[in-house]
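Below you'll find the structure, written out as structure tokens, and then a few comments.
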Amino acid sequence: MADVKNLEELVLKGEMTIVEFACTKIDGSIERMKERNPEMLWTMEIQKFMWDGYRDAHKNGKKLVFYGGSVPTEIIAAFDCVGFYMDTIPFRLSTNPALTAKYIDEAEKYVAPSMCGLDKTELGAWLCGAYGIKPDIFVYNSVPCDSSRIAYPALEKIIGVPTFSFDTPFRRDERGAEYLADQIEDFIAFMEEHTGNKLDWDKLKYYMENANRNFELQRKCADLRKHKPCPLPGRLLVLNGTTNAAACYPIMGDLYESELEVGQMMIDLGMGACPDEKYRIAMLQNMIWGNAGIMDWMQKEYNAVAVMDAFGFQGDIIYEHMDDRRDCLKVMGKKIQNNPMIHGASGPSEHHIKMVDEIFEQYDANVSMFLGHVGCKHTWASAKMVSDMVQEKYGLPTLFIDLDAIDGRYKSSDEIKAQIKEYFETVVMQ
Amino acid sequence: MNHQKLFESDISSEAAKEWRSKGKKVLGVICCHVPEEIFYAADVLPIRMRATGCVDSSEAETWMSSFSCSFAKAMLQYWLDGTYELDGFVTSDGCLMAARVFDNAAYINEREKKGQFIRQIGAPRKRSPRTIPFYKAELADLVDELEKFTGSKITDEKLKEAAAKYNEARALVSQLYELRKEKNPVISGADTLRITLAATNMPIDEYIELLKAFLADAKNRTPITDARARIMVIGSALDNPEYLEVIEEKGGIVVADALCFGNRGFGEPLVVDDKDVLGSIADYYLSRLVCPRMMDKHEEMHDFIIKSVREYNVDGVIYQRMQNCEVWGGENVLLEQKLKNQGIPLLTVEREEQMANAGQLAVRAEAFIEMIEKED
């Protein structure tokens, strides 16, 4: 088994594709985990399912659908296609800064450096021919942000496959849900045209049922985190971010079932993620993907566990009338509108404020942190409103740290830790 | 008629004061996807908000952070410090920065009980049979709200009258731009921008009269004969004529643009369908080629740029992108190669609203002009 550095070298030289790299790296992690932490294998299974699925889509006779932003993945799955959430590339590579740097540099030959690192990585990697897979169809949405609104239409032209785009309104209301439901009808017609198949409502129902199960389980996992001490580590909040890519597949539910099982076991044993929990952190923004180890470090160093972030609240929109086509499409529209941190933070700020308020209300957090990705300018532009609410209503000052979720050159793990350390020692622990 | 007022690009509240003194409302407009015709029909003075001359937006920065576009921050700053004397403003979700100006202002408005009329309309990012009715419904909401706010009924007739009035301004701005096609234009790029910016400082009726007077007098102006290169400027919201002056002082003359404060902000004539007046306005504003926020108009914008280069006999294009302006930040992915294929030189520069990097711009513009200038 080649080590990660060697694999990285191969990718940097163009001798290995990103998909091969991800699959090989995940297989390596699974092998190591089998030896060292076999009880945690479930955390890797979803990643193996996803990446092997992307790699083998064409081999398995399935069409590969690239998608960007929040789109109705249930429909992609119901057409028996494999959906590839493009953000999984930067997400996956974020722990390999040499790779993200290469693709970001490639993108910056054309785009402004201030563009979000996710979009730059997706764009740069495609321009380098590094993906290792090519889609049959591309679908994107006008959310989450201005960066993606520019990157996706550019990718549409560069990739050059049949493409469908959604326009998501800024506000979240009935008009918007109806508007999106109309567009989803158009999307179904588009998929029928480009797959040659009619929509099989029973298959769609299957995936909608899965989505319901997954979101209900996610809500239960979230509820476990209300317990004191919090039974689940902060790192799992980061992993739960994969929901956007696998929300309608049974494997996502399996991950949550395992998470629930572990969490319940911890509660039964009277144990928490920290041996002696002192601080419960609410993450107002949580884009620490390249440095998720900091979650472990905070637990160890300060007995501080991230109890909830704005990615974790997704469980409240479910399909209720599965034989009512219009109702289902409207639910999909509402899911698009409310997808936390996808549209959740890029829609009206009031929703972000409300979400954070709920975290403090329900999770009894006593530390407030905003670990903000510099590419999410719209999130920064509402940060004062959010943190003012936290200060006024809960009496807590918020720690703001700017970081780049993807580009490790922006700020090192040690620099982030130093800022957190100073905050704990000069504010929290005083 | 003295048309000197057209060249006063500093933000002035004179027109707003006068309008309000008659008991009428004045509203700011943020983003070119808010149809000013509707305000005209409601007898409200629309003031398109900008940030010209803002040198300190620190208060706004505490709200929007240092990671936001400096143009948007400066607009919020002007609203916060009362530079504009407004009864409120209306914005669209043109970009997320405009949206956050709205969010923060609405939050402050409520918190400080300012009682201003602050509204946002949703503007789709595509033009299609699905998006036009959505946008029309948003505009209908705005009509309702303005009627309540002003007590004035906005009828189809008034909207048609407004469209005709704004079309008149559009036609005059087109004539202004025609002057720039001449080998030796009688107006510089900086002065052209001053004239288009002036539309944001006064009622459209007054603007039309002043512009007519200027155009009538244009033949008496001295042609500019010493320019070494003809430039087209494209990119982020540019409301600072001094920026173009830096380029022109180095021997270029800006003869064309794709700027939302230039003629793109005026656009082609709005053709009204009598059977669906508001629908015509909705369709028009989604069809206009103003800002790359429209996901389906990038190629059309690129074609427009290339066509303008030909029509205005441009030697090179300067693409200025505001830091943290993402909507204009990504055009080079496709545009750069297209321009290269057409043999059109391109200079890409980063910019902030405040003129902090004028020296660097001057150096780069001079080098670019030397590179592209042609011998007669």
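Here, each number is a calculation from the coordinates, and none is a lab measurement. Please read all numbers here as calculations on a predicted model, not as lab measurements. So basically every Cβ, Gly included, is an ideal-geometry build from the backbone, and we count neighbours across all protein chains shown.
Short version: ³J(HN,Hα) in whole Hz for each residue of region B:78-92, in order, from phi by Karplus 6.51 cos²θ - 1.76 cosθ + 1.60 (θ = phi - 60°), x for Gly and Pro, what are they?
5, 5, 5, 8, x, 4, 8, 9, 10, 8, x, 7, 10, 10, 10
Using a 7 Å offset from the Cα along the Cα-to-Cβ direction at both A:Thr95 and B:Met371, what is the distance between the two label points in nm, to one decimal?
Each label point lies 7 Å from its Cα, and together they span 4.3 nm.
For region B:38-141, which GluC sites (Glu not before Pro) pass both filters: DSSP loop (anything but H, G, I, E, B) and at most 11 other C-beta atoms within 10 Å? Working shown, then result.
Details: sites: B:Glu59, B:Glu61, B:Glu85, B:Glu110, B:Glu112, B:Glu138; in loops: B:Glu85, B:Glu112.
Passing sites in region B:38-141 are B:Glu112.
Just need the relative contact order of chain B here, percent rounded to a whole number, with Cα pairs under 8 Å and 6+ apart. Before the final figure, lay out each step's value.
On the way: 623 pairs, mean separation 75.9, N = 376.
In percent, rounded to a whole number, it is 20.
Run lengths n ≥ 4 of DSSP H only: what is the helix-derived mean residue ellipticity at 222 nm for the protein assembly as shown, with -39500 (n - 2.57) per run over all residues, to the nearest 500? Don't skip to the end; give the middle numbers.
Details: 33 runs with 408 residues, N = 806.
Per the formula, -16000 deg cm²/dmol.
Just order B:287-299, B:268-280 by mean Cβ neighbour count inside 10 Å, highest at the front, would you? Each step should come with its number before you reach the end.
Numbers: B:287-299: 20.7, B:268-280: 15.7.
The peptides rank, most packed first, as B:287-299, B:268-280.
Where a ≥ b ≥ c are the square roots of the eigenvalues of the C-alpha gyration tensor, would you call region A:138-195 rounded, which needs a/c under 1.5, or, failing that, prolate if a/b is larger than b/c, or oblate?
Values: a/c = 4.57, a/b = 1.17, b/c = 3.89.
Cα axes put region A:138-195 in the oblate bin.
Grab the beta carbon distance between A:Glu415 and B:Lys113, set R0 = 51 Å, and tell me the FRET efficiency rounded to 0.05.
On the way: r = 42 Å, r/R0 = 0.82.
Plugging the Cβ-Cβ distance into 1/(1 + (r/R0)^6) gives 0.75.
Using alpha carbons only, how many angstrom separate the centre of region B:312-339 from the centre of region A:108-165?
18
What trypsin sites (Lys or Arg not before Pro) in region A:38-90 are in a loop by DSSP, with at most 13 other Cβ atoms within 10 Å of the Cβ? Walk me through the numbers on the way to the answer.
Numbers: sites: A:Lys48, A:Arg55, A:Lys59, A:Lys62, A:Lys63; in loops: A:Lys59, A:Lys62, A:Lys63.
Counting only loop positions with at most 13 other Cβ atoms within 10 Å, the trypsin sites (Lys or Arg not before Pro) in region A:38-90 are A:Lys59.
Rounded, prolate or oblate: pick one for the protein assembly as shown, where a ≥ b ≥ c are the square roots of the eigenvalues of its C-alpha gyration tensor, a/c under 1.5 means rounded, and failing that, prolate if a/b is larger than b/c, else oblate. Spell out each step's value before the answer.
Values: a/c = 1.74, a/b = 1.61, b/c = 1.08.
Since a/c reaches 1.5 and a/b is larger than b/c, the shape of the protein assembly as shown is classed as prolate.
Round to the nearest 0.05 the FRET efficiency obtained for A:Asp388 and A:Lys59 when R0 = 56 Å and r is the Cβ-Cβ distance. Intermediate values should be presented prior to the final figure.
Working: r = 53 Å, r/R0 = 0.95.
Computed FRET efficiency for A:Asp388 and A:Lys59: 0.60.
Restricting things to alpha carbons, find the Rg to Rh ratio for region A:4-197 using the Kirkwood radius for Rh. Present the calculation step by step, with values, prior to reporting the outcome.
Numbers: Rg = 17.6 Å, Rh = 17.8 Å.
Value, to two decimals: 0.99.
Given charges of +1 on the Cβ of Lys and Arg and -1 on the Cβ of Asp and Glu, with all other atoms neutral, how large is the dipole of chain B about its Cα centre, in debye to the nearest 20?
Value, rounded to 20: 520 debye.
Taking +1 at the Cβ of each Lys and Arg and -1 at the Cβ of each Asp and Glu, which of A:Gly375, A:Ile188, A:Tyr110 sits farthest along the dipole of the protein assembly as shown towards its positive end, judged by Cα position relative to the Cα centre?
Ranked along the dipole, the leading option is A:Tyr110.
Can you list the equivalent-ellipsoid semi-axes of chain A, largest first and in whole Å, using the square root of 5 times each Cα gyration tensor eigenvalue?
On the way: eigenvalues 200, 131, 100 Å².
Semi-axes (√(5λ), whole Å): 32, 26, 22.
How many partner chain Cβ atoms sit within 10 Å of a residue's Cβ in peptide B:59-68, on average, as a whole number? It would help to have the intermediate numbers written out before the result.
Values: counts 0, 1, 1, 1, 6, 7, 11, 4, 13, 4.
Shielding by partners across B:59-68 averages 5.
Tell me the label-point distance for the pair B:Val55, A:Glu320, using the 7 Å Cα-to-Cβ offset, in nm and rounded to one decimal.
6.0
Compute the length gained on full extension between B:Gln337 and B:Ser21: take 0.36 nm times their separation in residues and subtract their Cα-Cα distance, giving the result in nm to one decimal.
Values: separation 316, 0.36 × 316 = 113.76 nm, distance 5.36 nm.
Contour length minus the Cα-Cα distance gives 108.4 nm.
Using 0.36 nm per residue, how much length does the chain from A:Arg32 to A:Gln430 gain when fully extended, once their Cα-Cα distance is taken away? Could the numbers behind the result be given before it?
On the way: separation 398, 0.36 × 398 = 143.28 nm, distance 4.12 nm.
So the extension gain works out to 139.2 nm.
For region B:178-226 and region A:171-243, compute the distance between their C-alpha centroids and round to whole Å.
For region B:178-226 versus region A:171-243, the Cα centre distance is 55 Å.
Which of B:Thr200, B:Thr83, B:Thr192 ends up with the largest GNM mean-square fluctuation for chain B, with Cα atoms connected below 10 Å?
B:Thr83
Pull out the extension gain between A:Glu422 and A:Glu108, defined as 0.36 nm times the separation in residues minus the alpha carbon to alpha carbon distance; nm, one decimal. Intermediate values should be presented prior to the final figure.
Details: separation 314, 0.36 × 314 = 113.04 nm, distance 3.36 nm.
In short, 109.7 nm is gained.
Please compute the modelled spin-label separation between A:Glu216 and A:Arg175, points set 7 Å along Cα→Cβ, answer in nm with one decimal.
3.5
So which chymotrypsin sites (Phe, Trp or Tyr not before Pro) in region B:79-186 end up in coil per DSSP with only 12 or fewer other C-beta atoms within 10 Å?
On the way: sites: B:Trp79, B:Tyr84, B:Phe89, B:Phe102, B:Tyr107, B:Phe117, B:Phe134, B:Tyr135, B:Phe149, B:Tyr166, B:Tyr177; in loops: B:Tyr84.
Passing sites in region B:79-186 do not exist.
What shape does region B:240-296 take by its C-alpha gyration tensor, where a ≥ b ≥ c are the square roots of the eigenvalues and a/c under 1.5 counts as rounded, a/b above b/c as prolate, and the rest as oblate?
Numbers: a/c = 4.23, a/b = 2.86, b/c = 1.48.
The shape class here is prolate.
Pick from B:Val246, B:Val173, B:Val233: which residue has the top mean-square fluctuation in a GNM of chain B where Cα pairs under 10 Å get a spring?
Judging by the Gaussian network model, the answer is B:Val246.
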